[in-house]
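K.L.:
Dropping the structure in here first, questions after.
The values are calculated or read from the model by the stated rules, or taken from the named source; none is laboratory data. Worth saying up front: this structure is predicted, and the values here are computed from it rather than measured. Counting neighbours? That spans all protein chains shown, and the Cβs are built from the backbone with ideal geometry, glycine included.
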Number of protein chains: 2
Amino acid sequence: MRDNKPASSIISVAKEAGVSLQTVSNVLNFPERVKPETTERVMQAINKLNYTPNLSARRLRSKKSASIAVRVDSNASAGSSSEGLYTGYIQDEFVYEVVKAAEVRDVKVITYTCDPDEDEVKKLKKLVDSRDVDGFLLTSTVEDDPRLKYLIQSNVPFLSFGRPWASSDEFASSYPWIDIDGASGTADATKLFWDLGHRNIGFIGWKTFSVQPTNPRSVGDDRFLGWSKSLLELLNLKSKKISTNFFELGGESISSARDSARKLIAKFPELDALVCASDTLALGAQLEYRGLKKSIPISGFDNSPTSKVFNFTSLDQNIPEIAAHALVVLMGESGNTVAKVNSSKKSEQANLIFKPKLISRI
Amino acid sequence: MRDNKPASSIISVAKEAGVSLQTVSNVLNFPERVKPETTERVMQAINKLNYTPNLSARRLRSKKSASIAVRVDSNASAGSSSEGLYTGYIQDEFVYEVVKAAEVRDVKVITYTCDPDEDEVKKLKKLVDSRDVDGFLLTSTVEDDPRLKYLIQSNVPFLSFGRPWASSDEFASSYPWIDIDGASGTADATKLFWDLGHRNIGFIGWKTFSVQPTNPRSVGDDRFLGWSKSLLELLNLKSKKISTNFFELGGESISSARDSARKLIAKFPELDALVCASDTLALGAQLEYRGLKKSIPISGFDNSPTSKVFNFTSLDQNIPEIAAHALVVLMGESGNTVAKVNSSKKSEQANLIFKPKLISRI
DNA sequence: CTGAAAGCGCTTACAG
DNA sequence: CTGAAAGCGCTTACAG
């Protein structure tokens, strides 16, 4: 059986349908310009000849690649020394969901890697200069990020998953990003435990820029704040300060979480529920409690496989929604045309903060 | 500052260097055809003008995309119900290492997804017909795999990571694959425990096609066989049968492994070391032992973050090597040209089985 | 609504 | 070793 490869070109389709090639092109790219009956004839020819457009030709002529780039990272270093079990879960799911949402639009996703010793800007530049991608999806950008500098300066469209912490509002609103509302998440977990009757709800988080922040300056601050603010409110405390007995901050590792849990129990024996800044920390705390043959409700963050296997409450970032929205920011509600950055009219959908969904596993 | 975008084309480079455009093209694609001094002048022009070839034009003319496709999967369903913590670790690392190895060759990696309810062949076909990729890297192909059928029939180059189990030698050698030597891995773990003085080494694996196989017909058989054969040898047993007291088979989940461990301990109380078919099973067994306040050496498979955090012995599949070799099979030792499948002269590097590396964490 | 021409930026024959 | 021409398969003006 002969391979049903695409007919050599649009020309054969045009001949088959008895129209000019431009009409075939119009059917494919601007259906509204073509009379329905002509469209019908052309579609029949396309199906009969099994025609698929040559995308390189299309890209060359139209100067649009209909492709975006996203970085893939390794998880091999996770678990070593003091890290968590699957620290790259969100990043991996983001990539997967972006690819999936892109397929619906006929947008290709090109992947690249960047080890710590490599210059990521060089890689971005190469992808841009060779016309292989129209835009980028970055994760966790910071104020002095060289990638931001390059992309903004070169007028290359992009969107960051993760807002720039500890930067001015002016800077934060100078480029498109979407993010997760960490404070809303930890507040929801706190309220859940409260509603279940717990009154001594502690927190284990990360040592970050500022302890007990009023304005969050990091993801850690944000998640801390959600717990502390909601707890103050629930306790109806006049004081603006949460006692330092109620929380412990450390690194993002199981062993650090075990240390934190141990200290917390010692300082605050009446502890009856625990909000954690991540699933890794929640697992560490849970293991410490298991060692003590005790059990209290614990919550983490990300709704990762870890939280499912170890069966603790977590917060789902709803990555499919995030990924789909990322593409909306780059390319509008549909289609595969990446909008060139337009300084006068900012995309109004950017800079959105999504609330995570509480997944209760009490 | 003006954006240093690539000079409009190869023509400007040719003018700058005072040569014809074909010479510039030759410098880029066939350096050996050009005199060193000419090359030097052209390279200077390229650098001066910051020229980067338009890859769509190159692809259109040369009919080579210098791109390959690989599927990305979600890990969101991992951890739910009865699965492991990070079941997609090897697949994710494979994708990462493939992208990394491809970058060295200036090969692009296009990703696609495929949910269980979708037709993967349709997606492959679209990528091929639109001329976006020259070849595919698949994982875990089986004998009646529709992807194999399509790719072989259409003469599209590909390589599978994972051999076809339970199929004839003829079928297995009919297409290129590379794989891991599971038996060698579990044998290594068994020998390690033996050398440490353990004589009652058990095994926890999966319920697969055939229990106590002489010829492995699945990954589970293969890993079982490595343990059972090496143990028979070490015990210098005449009988060709391992007592069914020494092993338990179940599903790929932590809870199944806990069940297996419990049964094994009951039937075989002198058990003093445990070889497991996966890191998930090893974790389950370890947790069961912890619950009993006991500890014996346990080994898993994959050297995943889980094995690192829970600090048990495991077997590293050396994914960087696998990925690099996959590209060698597709494109030779270097370069970005995917060799068309040539039935007369099979690539001699295909159908290789790599030994995993024992990572001892005693 | 449809068509004939031009051209995107390269590489591939082929000629010298 | 280098050059002038052709052409890969589309879409984009533009004309009707």
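K.L.:
Which ranges mark the helices (runs of 4 or more DSSP H) fully within segment B:197-303 that have 2 or more residues being under 26 Å from residue B:90 (Cβ atoms) and touching a Leu at 6+ places or on another chain (Cβ under 7 Å)?
P.N.:
Numbers: elements: B:219-235, B:254-267, B:279-291.
Passing ranges, in order: B:254-267, B:279-291.
K.L.:
I'm told residue A:117 meets every condition in (1) at the interface with chain B (Cβ under 10 Å from one of its Cβ atoms); (2) part of a loop (DSSP other than H, G, I, E, B); (3) among the acidic types (Asp, Glu) except one. Can you identify the failing condition by its number?
P.N.:
Going through (1) at the interface with chain B (Cβ under 10 Å from one of its Cβ atoms); (2) part of a loop (DSSP other than H, G, I, E, B); (3) among the acidic types (Asp, Glu) one by one, residue A:117 breaks only (1).
K.L.:
Can you confirm whether residue B:131 is part of a helix (DSSP H, G or I), surrounded by fewer than 23 Cβ atoms within 10 Å (Cβ to Cβ) and among the basic types (Lys, Arg)? Let's see the steps before the verdict.
P.N.:
Values: part of a helix (DSSP H, G or I): no; surrounded by fewer than 23 Cβ atoms within 10 Å (Cβ to Cβ): yes; among the basic types (Lys, Arg): yes.
Criteria not met by residue B:131.
K.L.:
Follow-up question, since we're still on this one. Looking only at segment B:28-57, count how many residues are part of a loop (DSSP other than H, G, I, E, B), within 10 Å of DNA strand D (Cβ to nearest atom) and surrounded by 13 or more Cβ atoms within 10 Å (Cβ to Cβ).
P.N.:
Taking segment B:28-57 as the starting set, the residues that turn out to be part of a loop (DSSP other than H, G, I, E, B) are B:30, B:34-35, B:50-54.
Right, trim to within 10 Å of DNA strand D (Cβ to nearest atom) and you get B:30, B:34-35.
Filter once more, so that each one left must be surrounded by 13 or more Cβ atoms within 10 Å (Cβ to Cβ): B:34.
Adding up the residues that qualify gives 1.
K.L.:
Still on this model: Check residue B:16 against each of (1) part of a loop (DSSP other than H, G, I, E, B); (2) more than 8 Å from every other protein chain (Cβ to nearest Cβ); (3) modelled with pLDDT under 90 and name the one condition it does not meet.
P.N.:
(1)
K.L.:
Now for a different question. Can you find a residue that is facing chain A (nearest Cβ under 7 Å), within 20 Å of the chain's Cα centre (by Cα), aromatic (Phe, Trp, Tyr) and within 30 Å of residue A:57 (Cβ to Cβ) anywhere in segment B:131-143?
P.N.:
Going residue by residue through segment B:131-143, those that are facing chain A (nearest Cβ under 7 Å) are B:131-132.
If we keep only those that are within 20 Å of the chain's Cα centre (by Cα) as well, we get none.
Scanning segment B:131-143, I find no residue that is facing chain A (nearest Cβ under 7 Å), within 20 Å of the chain's Cα centre (by Cα), aromatic (Phe, Trp, Tyr) and within 30 Å of residue A:57 (Cβ to Cβ), so the answer is no.
K.L.:
Now, a different point. Working carefully through the options A:220, A:202, find the one that is more than 18 Å from residue A:296 (Cβ to Cβ) and at pLDDT 90 or above.
P.N.:
Values: A:202 fails: more than 18 Å from residue A:296 (Cβ to Cβ).
Going through A:220, A:202 in turn, the sole match is A:220.
K.L.:
Before we move on, is residue B:90 farther than 21 Å from residue A:108 by Cα and either part of a helix (DSSP H, G or I) or touching a Ser or Thr at 6+ places or on another chain (Cβ under 9 Å) (or both)? Show your work before the answer.
P.N.:
Working: farther than 21 Å from residue A:108 by Cα: yes; either part of a helix (DSSP H, G or I) or touching a Ser or Thr at 6+ places or on another chain (Cβ under 9 Å) (or both): yes.
Yes, satisfied.
K.L.:
Here's a follow-up. Which pairs turn up if I take residues in segment B:9-27 that are farther than 19 Å from residue A:131 by Cβ and look for partners that are of a type in the set (D, E, K, R) and more than 10 Å from DNA strand D (Cβ to nearest atom) with beta carbon separation below 7 Å, at least 6 apart in sequence or on another chain?
P.N.:
Hits for this filter: B:16/B:48.
K.L.:
Which count do you get for residues in segment A:89-107 that are facing another protein chain (nearest Cβ under 8 Å) and more than 30 Å from residue A:28 (Cα to Cα)?
P.N.:
Quick first cut of segment A:89-107, residues facing another protein chain (nearest Cβ under 8 Å) only: A:89, A:92-93, A:95-97, A:99-100, A:103.
In the following step, the residues that additionally are more than 30 Å from residue A:28 (Cα to Cα) were identified as A:89, A:92-93.
Counting residues in segment A:89-107 that are facing another protein chain (nearest Cβ under 8 Å) and more than 30 Å from residue A:28 (Cα to Cα) gives 3.
K.L.:
Does residue A:293 fit the bill of being of a type in the set (Lys, Arg) and at pLDDT below 95? Step through it out loud before you land on a result.
P.N.:
Details: of a type in the set (Lys, Arg): yes; at pLDDT below 95: yes.
In short, yes.
K.L.:
Could you check segment A:58-83 and list, in sequence order, the residues that are away from DNA strand D (no atom under 16 Å from the Cβ), surrounded by fewer than 20 Cβ atoms within 10 Å (Cβ to Cβ) and among the polar types (S, T, N, Q)?
P.N.:
A:74, A:77, A:80, A:81, A:82
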